[in-house]
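Right, one structure below, let's go through it.
The values are calculated or read from the model by the stated rules, or taken from the named source; none is laboratory data. On a predicted model such as this, the values are computed, not experimentally measured, just so you know. Ideal geometry is used to build each Cβ from the backbone, glycine not excepted, and the neighbour counts take in all protein chains shown.
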Amino acid sequence: MSLAVRLRGISKRFGAVRALESVDLDVEAGTLHALVGENGAGKTTLMRVLYGAIQPDAGSIEVEGRARRFRSSREAIEAGIGMVSQHYSILPQLTCLQNLMLGAEPGAWIAEGAAVARAEELAARMGFRFDWHADASTLSPAGAQKLEILKLLWRSARILILDEPTAMLSPADSDALFESLAQLRSEGATVILVTHRLPEVMDHAERVTVLRGGRRVASMPVADTDARGLAELIVGHTLERASAEPPGSLGEELLAVQGLVVAGYRGDDAVRGADLAVRAGEIVGIAGVDGSGQRELFQAVLGVARAKAGVVRLFGEDASKWPPSRRLEAGLRLIPEDRHEEGVIDEWPLLENAALGLQRVPPLRRGGGLDPGVQRDVAERAARAFDTKHGGLRLPMASLSGGNQQRFVAGRALQLGPRLLLAFQPARGLDIEATRRVYDAIRTLCREGGAAALVVSFDLDELLEHCDRLVAMRSGRIFEPPPERAKDRAEIGRLMVGAA
Amino acid sequence: MRLRVALVSVAALLLVVGALVLSGVPPTEALAELARGAFGSKSAWAGTLRETTPLLLAGLAVFLALRAGLFNIGVEGQLVVGAMASVAVCLAVPGAAGVVLGTLAGVAAGALWALPAGLIKAYRNGHEVITTIMLNGVANFLSTALVAGPLKDPSQQSPTTRLLDASTRIPDLYSAPPFRVNLGLVAGLVLIAATAWWLRRTVAGFELRATGANLRAAEFAGVPVRRVMLWSMVASGAIGGLAGALQALAYEGRFYAGFSPGYGFDSLGVAILAGASPFGLLPSALAFGALAKGSTSIQILGVPKGLSYVILGLLIVVFAVVRYRREGARD
């Protein structure tokens, strides 16, 4: 077997932080190679070195047997390497075709007919379908991901690096993605998959490399290990089982949604008469495939999406007419779905991001002003809650890695007296250890603080492990299993897909 | 990488020198004259500060809207209606009372002129650049019509109002001719300091900045973004109106057709050059003011006045490169 990629002794420091220390990586051509590790283990940095986006301090790169030294991503692309980052680079204002070609146009004059023909051919190979002249803003997360992969093929990439490709995808879309990747490999392409999801690794990868603290701690065929063994290699010690003791007695009803109807952004109703109640002390998980109305339900509970019909009751009062600010003041907290767009302001320092969403909550708000002392305190506690690695509270949010941003956002949601936490994929981009800590903190908040949490995730296992009871969402409605089967995998799965 | 900044700076300098050589003037002499015209004497300083005053306030108007994510190109029109309204009131009400009422009228007129653009932006998602440019046109024609009609001084040939008498003017705070500092300039400085404090320390200021930095994140953080857009546009217009009122009541003493030589447009450059802090407006308005003052004296040497615009344009290009580098370096 020939090697598509051979990295030797790659080292990289950022200031005082050693991101990578003499890392080796061998990827056989035509295989799917998984790269796993905790947040900050150096996975993305290593891939960015291979992609030419970062220059290593030491080490050598060989691609398809030739020694390479990439000074920029452009040179890596020319050598046949392509990378899809965690944050999609699709520009919503452009059409799908324009996005596909962006930066790799066939010439100064674009023959649209020929471009569409080639795009169609690439899409057909992968079994994708696109309306090439539609705006990219109409794409679902899965559609955007597919377009990203086609972008790599458009650039004739033979080695594809995918950083957390399934983080935003439903299980069905993830399966479809791996089918496409299998198709690509059968045509000779090599795939490097950076992921936190160990079942994906076990099901689809041939080999796996584990990074921890910037060092390679293991590399082996997937057949030689199992998910539990991998998890222990990743965190470096034996894992405790999550303590999901059932809640004691439940308190008052903190959220009640009755007959809620919310329009989706395409005009049709995304939530169609949903009913749900959440009581103090419990963590309720909403299972369902992406696009079942979870997003719009959350936005209506927060108040940023207007309900066409129905009632939202918060903390015992009819809150249907409350603006979001009043709901936040009353103790609603949010871990938003799209951290980048909805949760943080990239160019603002952490200190200011800490106040975002809490700016009207006393004691941070004092009269018409923000109390600087409280603000600093909130920022420090938000960062400390899940050990956000940062270089100082005055540095911009953009200086943090994705996982660390997520830790910060989760930590912020616990500040200043939360009573009801809305968490949309709270573990997005987090490693096993951090995921467990976030859920543990939510559980403590609910059990001891008299709060409640409503969690959406597309990962059924994550919900089953951490929530007290599950409901399923399908086609804009909520389906509750009988109480004794509230954590029954088969029952929830049945409700999710609507099988009788 | 610093090389690129240096190259752009040198290229900019060469362009200025080239332009001077083309106009047949020794570059060093022209640039020295430019500096002398702006800062070379007490009266030069007084003139520079006078030119700086409207730019400072109009720059603050653009700056505030920019922080809220709005590009208020309408400051020119807001300044013109503000100036006209203030003079109209002062013609009717002389004395100190007139000055106070006139200033307030200027503020109100500017705010009113921005209101439609704010409403259309916030509730109909109409782009503020388009609406404010259109409102500039309306302000221009309306003020010309009024000053050629009901507001016109009958004893004058050209469309202008009567000159306000000295008691109906904003006084100098310090006057030792040829040097003087008008109260209007001090008002501008105080307003800038107040705005800086307000943006940094108040919930409303925080929410305004959040709206400008990431509209969707602001919405999810409970910021009433539509209301913020509306009111920051109105506030921007009010400051623009104030700039016009001060210019009329402090320096010009009357309103006439073609009152503003483009203060509102220059202030776009002032605000962009200022960067992220309101205090950045001080050096950038001073630079614009000095070039405006200095360029009148190099006209005597036969250098076209437009050269100052060439220099300003290049200044903005160099600044953009420097800032681009800084933001790029973060990535």
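Observations on the model:
- Among residues of region A:282-299 being of a type in the set (A, V, I, L, M, F, W, C) and in contact with a helix residue (DSSP H, G or I) (Cβ under 9 Å, 6 or more places away or on another chain), the one that is surrounded by the fewest Cβ atoms within 10 Å (Cβ to Cβ) is A:V289.
- Close pairs from region A:19-42: first touching a residue at least 60 places away in the same chain (Cβ under 8 Å), partner part of a loop (DSSP other than H, G, I, E, B) and not small (G, A, S), Cβ under 6 Å, at least 6 apart: A:E28/A:M1; A:T31/A:E206; A:L32/A:E206; A:E38/A:D431; A:N39/A:D431; A:G40/A:K389
- Selection of region A:359-370 for residues being within 8 Å of chain B (Cβ to nearest Cβ) and either buried (at least 17 other Cβ atoms within 10 Å of the Cβ) or at pLDDT 95 or above (or both) yields A:Q359, A:R360, A:R365, A:G369, A:L370.
- Flag for A:G281 being closer than 29 Å to B:N214 by Cβ and modelled with pLDDT under 95: no
- Subset tally (residues that are surrounded by fewer than 17 Cβ atoms within 10 Å (Cβ to Cβ), within 14 Å of another protein chain (Cβ to nearest Cβ) and modelled with pLDDT of 95 or more) for region A:374-400: 1
- Under the condition of being charged (D, E, K, R) and touching a strand residue (DSSP E or B) at 6+ places or on another chain (Cβ under 8 Å), the residues counted in region B:140-166 number 2.
- Hits in region A:323-358 - residues which are assigned to a loop (DSSP other than H, G, I, E, B), in contact with a strand residue (DSSP E or B) (Cβ under 7 Å, 6 or more places away or on another chain) and either more than 7 Å from chain B (Cβ to nearest Cβ) or of a type in the set (S, T, Y) (or both): A:A330, A:G331, A:E337, A:D346
- Subset of region A:257-269 (residues that are buried (at least 18 other Cβ atoms within 10 Å of the Cβ) and either within 17 Å of A:V471 (Cα to Cα) or in contact with a Leu (Cβ under 6 Å, 6 or more places away or on another chain) (or both)): A:V257, A:L260
- Answer residue from region A:401-419, given it is buried (at least 22 other Cβ atoms within 10 Å of the Cβ) and charged (D, E, K, R) and is nearest to the other protein chains (Cβ to nearest Cβ) among those: A:R412
- Selection from region A:185-212 of residues that are crowded, with 19+ Cβ neighbours inside 10 Å, in a helix (DSSP H, G or I) and in contact with a Ser or Thr (Cβ under 9 Å, 6 or more places away or on another chain): A:E200, A:V201
- Considering residues of region B:144-196 that are under 16 Å from B:Y251 (Cβ atoms) and of a type in the set (D, E, K, R) only, the residue surrounded by the fewest Cβ atoms within 10 Å (Cβ to Cβ): B:D165
- Reported count of residues in region A:125-142, each being free of Cβ contacts under 8 Å to residues at least 60 places away in the same chain and surrounded by 15 or more Cβ atoms within 10 Å (Cβ to Cβ), is 7.
- For region A:52-79, filtered to residues that are touching a residue at least 24 places away in the same chain (Cβ under 8 Å), among the acidic types (D, E) and not in a strand (DSSP E or B), the residue that is surrounded by the fewest Cβ atoms within 10 Å (Cβ to Cβ) is A:D57.
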